[in-house]
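J.: Have a look at this one.
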Amino acid sequence: MASQDWFEKDFYATLGVPQDADEAAIKKAYRKLARKYHPDQNPGDAAAEQKFKEIGEANSVLSDPEQRQEYDAIRQMARGGARFTAGGPGSGGQGGFEDVFSSMFGGGGGGGTRVRYSTGGGGGQPDLEDLLSGMFGGASPYGGQQGYAGYGAPRGPRKGADLTARTTLSFRDAVEGKTVTLGTSDGGHITTRIPVGVKDGQKIRLRGKGEPGEAGGPAGDLILTVSVEKHPAFGRDGDNITVDLPVTFAEAALGATVSVPTLDGKPVKVRIAPGTPSGRVLRVKGRGVPKKDKPGDLMAKVHVVVPQRLSDEAKDAVEVLKAQDAGHDPRAELFEEARR
């Protein structure tokens, strides 16, 4: 929703991006600054907390195409040097608020049609919401059409505007779910539960967590985009947890039972069949994302580790194996397929 103080704020400068920055550049700049000024990284630092709020507000506007369009239009007007005064006789020749926009939309000072914008009480600040509604085809910043019978007509209940926000979770918190507290641009806080198994880049709609409604209308929603950090050992494939499982040459060749780590910290045992090659995936049922209806699985991908140093005895044993395997070319099938 457009704000009166947008005239005075430079959200591009706040994020350190040019005005023509694309969505990816804005996202990258926001993430970098959010990590730097996050309250958890700067406990008790009021300046850092204020900076965090400012970059949050800037990102919520610039990452939303509709809000960014409105904001850019306001900045364009500000660069044009428009000054808004009460106007009227005796104002020293300076046009009032209605004069500026009347000339923009076809009116003129020489008897042309005037477009009047109510200041909501005479002599006060212009109603920016009504102004932007007229500029963008009657669309309300809250969504939908105004549907006024005339300017100044009473408004019915209207839903509050949706807000956007971002949060970053650790891999473990994203898999297991977590309650997070988000700071708002007005200094408030919103506490919400992130569901189990949320994915990187997923958007979550928090009903009723947006701007308050007007005239008894419902509050808007908060659209929360989640970023998930990488884990040094585990990965995700849908609701399955993936992990690379190193095994020795002897374990792969002769077979063995080995332990596999899990995200909950309770290792599980898996059986390595004799002659298991690198790349084979072993499935452990139900040890993936812990969803109640259908939990994912743990997928352990075998990686045969080749020893870097061999003792003399080990070398002799490998030589024996080599002699017994003489005449077998493991690449013969590959070359046969390559000729097709």
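J.: Among the residues of segment 39-63, write down those that are assigned to a loop (DSSP other than H, G, I, E, B) and crowded, with 17+ Cβ neighbours inside 10 Å. Write out each step before concluding.
T.: First, the residues of segment 39-63 that are assigned to a loop (DSSP other than H, G, I, E, B): 39-45, 63.
Matches in segment 39-63: Ser63 only.
J.: Same structure, new question: So which of Val289, Val260, Val306 ends up being in contact (Cβ under 8 Å) with a residue 40 or more places away in the chain and touching an Asp or Glu at 6+ places or on another chain (Cβ under 9 Å)?
T.: Numbers: Val260 fails: touching an Asp or Glu at 6+ places or on another chain (Cβ under 9 Å); Val306 fails: touching an Asp or Glu at 6+ places or on another chain (Cβ under 9 Å).
Answer to the selection: Val289.
J.: Answer yes or no: is there a residue in segment 235-243 that is touching a residue at least 12 places away in the same chain (Cβ under 8 Å) and closer than 30 Å to Lys322 by Cβ. Outline the logic, then answer.
T.: First, the residues of segment 235-243 that are touching a residue at least 12 places away in the same chain (Cβ under 8 Å): 236-243.
From what is left, the residues that are closer than 30 Å to Lys322 by Cβ are none.
No, segment 235-243 contains no residue that is touching a residue at least 12 places away in the same chain (Cβ under 8 Å) and closer than 30 Å to Lys322 by Cβ.
J.: Since Thr191 meets every condition but one in (1) crowded, with 17+ Cβ neighbours inside 10 Å; (2) in a strand (DSSP E or B), which condition does it not meet?
T.: With (1) crowded, with 17+ Cβ neighbours inside 10 Å; (2) in a strand (DSSP E or B) applied to Thr191, the lone miss is (1).
J.: If you don't mind, another one. Six or more apart or on different chains, Cβ atoms under 9 Å: show the pairs whose first residue is in segment 185-204 and over 16 Å from Thr168 (Cβ atoms) and whose second is loosely packed, with under 10 Cβ neighbours inside 10 Å.
T.: The qualifying pairs are Thr191/Thr179; Arg193/Thr179; Val196/Lys292.
J.: Counting only residues that are at pLDDT 90 or above and of a type in the set (Gly, Ala, Ser), which one in segment 295-322 is surrounded by the fewest Cβ atoms within 10 Å (Cβ to Cβ)?
T.: Per the criteria, the residue is Ser311.
J.: Out of Lys269, Lys292, which single residue is of a type in the set (D, E, K, R) and modelled with pLDDT of 90 or more?
T.: Lys269
J.: Kindly list the number of the only condition in (1) closer than 28 Å to Pro307 by Cβ; (2) exposed (fewer than 12 other Cβ atoms within 10 Å of the Cβ); (3) among the aliphatic types (A, V, I, L, M) that fails for Leu245.
T.: That leaves (2) as the condition not met.
J.: Please state which one of Gly288, Gly265 is out of contact with any strand residue (DSSP E or B) (no Cβ under 9 Å at 6 or more places or on another chain), in a loop (DSSP other than H, G, I, E, B) and under 17 Å from Phe171 (Cβ atoms).
T.: When all the criteria are applied, what remains is Gly265.
J.: Still on this structure, I have one more. How many of the residues in segment 248-262 are surrounded by 11 or more Cβ atoms within 10 Å (Cβ to Cβ) and assigned to a strand (DSSP E or B)?
T.: Total meeting the criteria: 4.
J.: Working only within segment 205-256, note down all residues that are more than 19 Å from Ala165 (Cβ to Cβ) and among the hydroxyl-bearing types (Ser, Thr, Tyr).
T.: Selection gives Thr242, Thr248.
The values are calculated or read from the model by the stated rules, or taken from the named source; none is laboratory data. For clarity, every value in this text was computed on a predicted model and none was experimentally measured. When we count neighbours, we look across all protein chains shown, and the Cβ atoms used for this are built from the backbone with ideal geometry, even at glycine.
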